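The values are calculated or read from the model by the stated rules, or taken from the named source; none is laboratory data. Remember, predicted model here, so these are calculated numbers, not experimental data. Glycine also receives a Cβ, built like all others from the backbone with ideal geometry; neighbour counts cover every protein chain displayed. These accessible areas exclude ligands, DNA and RNA; they are computed on the full protein's heavy atoms, side chains included. Shrake-Rupley method; radii C 1.70, N 1.55, O 1.52, S 1.80 Å.
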Protein chains: 2
Amino acid sequence: IVSANMPVYIIEDKKFGMRAFGNYNEGIGKVLRYGAYDKEVLSRLKWMRDELYPTMKAALDEARKDKGGINFKAIIQQALHMGDECHNRYVAATSKFMNEIAPYLVKADVSKDAFNRVWDFMKNNNFFTLNIGMASAKAMTLAAHNIKYSTIVTVLTRNGTDAGIWVSGLGNRWFTAPSPVPKGVFFPGFTQDDANPDLGDSSITETAGFGGFAMAAAPAVVSWVGGSVEFAVENTKNMYNITYAKHKYFTIPYLSFQGTPTGVDIRLVLKTGITPTINTGIAHKKAGVGQVGAGIVKFPFELFKDAFKAYVETYGA
Amino acid sequence: IVSANMPVYIIEDKKFGMRAFGNYNEGIGKVLRYGAYDKEVLSRLKWMRDELYPTMKAALDEARKDKGGINFKAIIQQALHMGDECHNRYVAATSKFMNEIAPYLVKADVSKDAFNRVWDFMKNNNFFTLNIGMASAKAMTLAAHNIKYSTIVTVLTRNGTDAGIWVSGLGNRWFTAPSPVPKGVFFPGFTQDDANPDLGDSSITETAGFGGFAMAAAPAVVSWVGGSVEFAVENTKNMYNITYAKHKYFTIPYLSFQGTPTGVDIRLVLKTGITPTINTGIAHKKAGVGQVGAGIVKFPFELFKDAFKAYVETYGA
């Protein structure tokens, strides 16, 4: 949910001229993006609009003047060497972003009180840069979209009832199937029975070749999303079977600095029967409760079958 | 080399009342601690004394007033989950330290120019917190020293000609042997032929259970010190054979969150023939050149044999 009153980041892909947008991350638990909307949620959102945004804007304006903005792709690249997979673990990316932004906050002459509140908010929210990462992933995948004949998946997403994909060569046509329920780790007081079918835009990170696809880079993420370290490594290895390329810049030290598996190819999904596995936050199935855990989810095979059928109809067998 | 004109950090172990000290890290390459002492080195040291130190002191004083100081043990703990092993990789620890210190720099009202120069220095020196980590390791190992009957090694060090150890139950008696020459990766223009025998205090980190002993936590460190990722993991596994405990707080995600191998026991070294393997910076054998690379080194077996002999003489077989 992004309303007209919500500030957004602007992410630019300077090479291909693409632009994507991300709102500010609220944190975990009782947050709007997982369906919570009580007073606590609204007052946080108001603070984010009234103090966080103007403070960050002042700093980001300084960064833009100084060096054209913050290079978040470089931050993702480093974070993958620092135990983040950059979907459900943004500990290193957020820390590095804070290192980048601090001198611009100082340069922008924000008040000490504003500095302290904004700094504490970032420090206590390891997911602060998730939304920048998501918008970065969107800007990256946009460049691969609408390429004639391309069988690469450029959107992987879920809305709480359906999971859907776009395929580059098939334009903006949706292929959808019921959204699976994530299996995962729950916050205190919640169980698997509380989980809603998977939802959110965040799997754009896996679309771009990180997140669940880079779990081998982030063994500590299993304490958040569940599974074992072996599973995390296996998942990354598995994704090489259905992706077109190894990322040139995003590499995984534990796999001897191989690039992350990037660009799901519907032909490879059809051939292997393997579908994209992402990691995800889990919303409560009752509206108003918010995020209750985090886990793992596999995209349904039929999406890719339907897309392949449409591809054959469009381009011939 | 620490002279009377050099500022130091004070690290306190609040549980056991131990105190240790570390000077400020100069960076890599042409630096005093690797034997370089030309104008560039001296002018950097002067800046460190005249601006870096007063700026940091002002901020650290604020941190002490606010919460008793910066908890660097917690930073090491997090950094081990962020791809640092905390001897030759301090990327995450330095980033986290910067996150901690920023609000205190702001609170201390340091000038914008001082903030910028200090911030840039930290940002461009991933080893900035190495010396804090070394002093932390010293404070930790001091608590284990001078325990009657203890066979635990509490000092592992090298001075460029000799490698030496202390054993807890044998007090401050040195056991020494010629220092080995590290094998490693060299900065452009230098080769293995330029390497001096190993030197420095930094192997106090391995003594305390991190650094080379935690290499499995830091696959990216191999691009700095050489070897393969498999070697890094094997080295940590190997160190379990000669250490008394798995660390309670320092854990390694890739080894399913096992504690790091901690506390070299001379009895286990004698029994297995395995000696501590550390990672290290490499100095040029010619004085004045400075650091020319980084690598791996094994402590000589005879140190432990001599210490064991002395132990038997002291306490009986």
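Looking only at residues in segment A:91-109 that are facing another protein chain (nearest Cβ under 9 Å) and farther than 29 Å from A:VAL221 by Cα, which one is modelled with the lowest pLDDT?
Of the residues in segment A:91-109, the ones facing another protein chain (nearest Cβ under 9 Å) are A:91-92, A:94-96, A:98-100, A:102-103, A:105-107, A:109.
Among the residues that remain, those that are also farther than 29 Å from A:VAL221 by Cα are: A:103, A:105-107, A:109.
Working: A:PRO103: 97, A:LEU105: 98, A:VAL106: 97, A:LYS107: 96, A:ASP109: 92.
Within segment A:91-109, the match that is modelled with the lowest pLDDT is A:ASP109.
Got a sec? Which of A:MET134, A:MET18 is surrounded by fewer than 21 Cβ atoms within 10 Å (Cβ to Cβ) and under 20 Å from the mean Cα position of the chain (by Cα)? Please lay out each step first, then the result.
Numbers: A:MET134 fails: surrounded by fewer than 21 Cβ atoms within 10 Å (Cβ to Cβ).
Being surrounded by fewer than 21 Cβ atoms within 10 Å (Cβ to Cβ) and under 20 Å from the mean Cα position of the chain (by Cα) holds for just one of A:MET134, A:MET18, which is A:MET18.
Identify, from the list A:MET134, A:MET98, the residue that is more than 22 Å from A:ILE278 (Cα to Cα) and assigned to a helix (DSSP H, G or I). Give the steps one after another, and end with the answer.
On the way: A:MET134 fails: more than 22 Å from A:ILE278 (Cα to Cα).
Testing whether each residue is more than 22 Å from A:ILE278 (Cα to Cα) and assigned to a helix (DSSP H, G or I) leaves just A:MET98.
Output the residues belonging to segment B:296-317 that are crowded, with 20+ Cβ neighbours inside 10 Å and over 25 Å from B:ASN279 (Cα atoms).
Across segment B:296-317, the qualifying residue is only B:TYR311.
For segment B:21-48, which positions are surrounded by 15 or more Cβ atoms within 10 Å (Cβ to Cβ), on the phi < 0 side of the Ramachandran plot and not hydrophobic (A, V, I, L, M, F, W, C)?
B:GLY22, B:ASN23, B:TYR24, B:ASN25, B:GLU26, B:LYS30, B:ARG33, B:TYR34, B:TYR37, B:ARG44
Pick out the one residue from B:GLY68, B:GLY35 that is at pLDDT below 95 and either of a type in the set (Gly, Ala, Ser) or in contact with a helix residue (DSSP H, G or I) (Cβ under 8 Å, 6 or more places away or on another chain) (or both).
Numbers: B:GLY68 fails: at pLDDT below 95.
Unique residue meeting the criteria: B:GLY35.
So is A:VAL155 farther than 24 Å from A:ASP265 by Cα and either part of a strand (DSSP E or B) or of a type in the set (Gly, Ala, Ser) (or both) or not? Lay out the reasoning, then the answer.
Values: farther than 24 Å from A:ASP265 by Cα: no; either part of a strand (DSSP E or B) or of a type in the set (Gly, Ala, Ser) (or both): yes.
In short, no.
Within segment B:152-175, which residues are of a type in the set (S, T, N, Q) and touching a Leu at 6+ places or on another chain (Cβ under 7 Å)? First the steps, then the outcome.
Within segment B:152-175, the subset of a type in the set (S, T, N, Q) is B:154, B:157, B:159, B:161, B:168, B:172.
Residue satisfying the conditions is B:ASN159 alone.
Among the residues of segment A:110-125, write down those that are under 25 Å from the mean Cα position of the chain (by Cα), farther than 14 Å from A:MET48 by Cα and more than 8 Å from every other protein chain (Cβ to nearest Cβ).
Within segment A:110-125, just A:ASN124 meets the criteria.
List pairs: first in segment B:221-244 and open to solvent by less than 60 Å² (accessible area, probe 1.4 Å), second among the charged types (D, E, K, R), Cβ under 7 Å, 6+ apart or cross-chain?
From residues that are open to solvent by less than 60 Å² (accessible area, probe 1.4 Å), the pairs are B:VAL221/B:GLU85; B:VAL221/B:ARG89; B:GLY226/B:LYS183; B:ILE242/B:ASP265; B:THR243/B:ASP265.
Do we have B:ILE274 as surrounded by 24 or more Cβ atoms within 10 Å (Cβ to Cβ) and modelled with pLDDT of 95 or more here? Break it down stepwise before answering.
Values: surrounded by 24 or more Cβ atoms within 10 Å (Cβ to Cβ): no; modelled with pLDDT of 95 or more: yes.
The answer is no for B:ILE274.
Which one is surrounded by the most Cβ atoms within 10 Å (Cβ to Cβ) among residues in segment B:60-90 that are within 12 Å of chain A (Cβ to nearest Cβ) and in a helix (DSSP H, G or I)?
My answer is B:ALA79.
Looking at segment B:215-235 only, could you name the residues that are closer than 26 Å to B:LYS271 by Cβ and more than 13 Å from chain A (Cβ to nearest Cβ)?
Within segment B:215-235, B:GLU234, B:ASN235 meet the criteria.
Of the residues in segment B:158-199, how many are more than 22 Å from B:ALA294 (Cβ to Cβ), in a strand (DSSP E or B) and polar (S, T, N, Q)?
Residues that pass the stated criteria total 1.
Within segment A:154-212, how many residues turn out to be surrounded by fewer than 16 Cβ atoms within 10 Å (Cβ to Cβ) and over 22 Å from A:LYS285 (Cβ atoms)?
Adding up the residues that qualify gives 4.
Which condition from (1) in contact (Cβ under 8 Å) with a residue 12 or more places away in the chain; (2) over 24 Å from B:GLN77 (Cβ atoms) is the one that A:HIS87 breaks?
(2)
Return only the number of the condition from (1) more than 14 Å from every other protein chain (Cβ to nearest Cβ); (2) of a type in the set (Gly, Ala, Ser); (3) open to solvent by 10 Å² or more (accessible area, probe 1.4 Å) that A:SER256 does not satisfy.
(1)
Of the conditions (1) within 29 Å of B:HIS284 (Cβ to Cβ); (2) within 14 Å of another protein chain (Cβ to nearest Cβ); (3) surrounded by fewer than 19 Cβ atoms within 10 Å (Cβ to Cβ), B:PHE128 satisfies every one except a single condition; which number is it?
(3)
If you check B:THR161 against the conditions, is it among the polar types (S, T, N, Q), modelled with pLDDT of 95 or more and under 18 Å from B:GLU85 (Cα atoms)? Spell out the reasoning first.
Values: among the polar types (S, T, N, Q): yes; modelled with pLDDT of 95 or more: yes; under 18 Å from B:GLU85 (Cα atoms): no.
Taking the combined requirement at face value, the residue does not satisfy it.
So which pairs qualify, if the first residue must be in segment A:149-168 and closer than 13 Å to A:ALA307 by Cα, the second must be basic (Lys, Arg) and open to solvent by 10 Å² or more (accessible area, probe 1.4 Å), the Cβ gap must be under 6 Å, and the two must be at least 6 apart or on different chains?
Pairs found: A:THR151/A:ARG267.
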